[in-house]
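Working notes for the structure below.
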Amino acid sequence: MLVHAIPTNATYEFAEDVRDGLTRPGQKELPSKYFYDDVGSALFEVISRLPEYGLTRADERLLRRHADEIVSRLAGPVAVAELGSGSGKKTRWLLQALAQRQRTFYYPVELSRSALAMCERELSDIDSISILGFEREYLDGLLEVAACRERGQHLLVLFLGSTIGNFDRVAGVRFLAEIRRILEPGDSLLLGTDLEKSSAQLLQAYDDELGVTAAFNLNLLARINRELGGNFTLGQFAHAPRVNHEARSVEMHLRSKCRQTVSIAEAELDVEFLEDETIWTESSHKYLAEEIFKIGLEAGFRCEAQWIDQQWPFAENLLIAE
Ligand code: TRP
């Protein structure tokens, strides 16, 4: 697979983001995009197989079961862009269905080069498919994909796994509107959304007994140690998810078990933590099925169809750009 990569000063940007997040007055935070280095991506693969975390399997089931119907609702020749492809495993069914009717270009957009490589290993055996990866932020990558589309070709954008839930609700609509601005009328967006469920189920899903989710969250600190010369003692922080009923989300935090100071050489930073002070690392918002129609409309899409999993409340939404 060809990969378009841009040389960036990744370490410098990481150090800046860590510095900004940890020196913020009030709630300290770290951006969740740094979860997915090689170790984090591998841990997430394990999370997606845990019995407590049904989200990824629900997404896969829906795509597998309804691939033909989804594809039948798309007009004309279609190229596929996927924002945050991960391993590419769940995309197989859609690509196979599309490749049966036309030669298909598949453009995964991913920050993780190892995820792009995995994606190619997973999908390159499908006949009539060409894969071109973009190692980019979502919207930058989508802009480039849109720039190389051929006349008369429609784009299908995949935004699966409920990554939309990692934005707050206002920012989520804004993000969909930005996608819409890059698209043309008649292009489509297949959007995965995790639906509301009980607090008990949510806490289990984000705090599994084996501790894989805890390791995934703590890996953010381990990564700062590895790449930025930090001296976090991982045993002095605990994975601490909480349900936010008002925001209808699960918030992921890392809680300092004691009062301590941590140094991060590359960020030229000493940070103090009080006992029980937390670093907020990600929020995962949950939706009502009917809410998606409204959000889609606000962003400039109409909802063509919606499929809901019976085992784990999750919806796949096919939105068409108006
Ligand atoms: N974005 C995923 C989600 O919201 C990722 C995730 C799963 C996650 N478990 C986590 C993020 C634990 C942080 C901590 O479901």
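The values are calculated or read from the model by the stated rules, or taken from the named source; none is laboratory data. Not measured: the values here are computed from a predicted model. Neighbour counts run over all protein chains shown; Cβ positions are idealised from the backbone, glycine included.
A few comments on the model shown:
- The numbered conditions (1) touching a Phe, Trp or Tyr at 6+ places or on another chain (Cβ under 7 Å); (2) away from the ligand (no atom under 14 Å from the Cβ) are all true for residue 199 except (1).
- If the condition is being out of contact with any Phe, Trp or Tyr (no Cβ under 6 Å at 6 or more places or on another chain) and surrounded by fewer than 17 Cβ atoms within 10 Å (Cβ to Cβ), then segment 23-41 contributes 23, 24, 25, 26, 31, 33, 38, 39.
- Cβ-Cβ under 7 Å pairs, at least 6 apart or on other chains, segment 25-52 side within 26 Å of residue 276 (Cβ to Cβ), far side within 11 Å of the ligand (Cβ to nearest atom) and charged (D, E, K, R): 32/282; 52/208
- Residue within segment 269-286 that is among the acidic types (Asp, Glu) and over 30 Å from residue 230 (Cβ atoms) present: no
- Total residues in segment 266-322 satisfying the condition of being among the aromatic types (Phe, Trp, Tyr), closer than 24 Å to residue 250 by Cα and assigned to a strand (DSSP E or B): the figure is 5.
- Pairs with Cβ under 9 Å, 6+ apart, first in segment 162-177 and over 21 Å from residue 63 (Cβ atoms), second among the basic types (Lys, Arg) and more than 16 Å from the ligand (Cβ to nearest atom): 167/174
- In segment 102-133, the residues that are assigned to a helix (DSSP H, G or I), touching a strand residue (DSSP E or B) at 6+ places or on another chain (Cβ under 7 Å) and closer than 22 Å to residue 67 by Cβ: 119, 120, 123
- Being over 30 Å from residue 66 (Cβ atoms), outside any helix (DSSP H, G or I) and more than 16 Å from the ligand (Cβ to nearest atom) is a description that applies to residue 261.
- Checked against the criteria, residue 168 counts as loosely packed, with under 14 Cβ neighbours inside 10 Å, of a type in the set (Asp, Glu) and within 14 Å of the ligand (Cβ to nearest atom).
- Selection from segment 49-86 of residues that are part of a loop (DSSP other than H, G, I, E, B), within 16 Å of the ligand (Cβ to nearest atom) and either modelled with pLDDT of 95 or more or surrounded by fewer than 18 Cβ atoms within 10 Å (Cβ to Cβ) (or both): 49, 50, 51, 52, 53, 54
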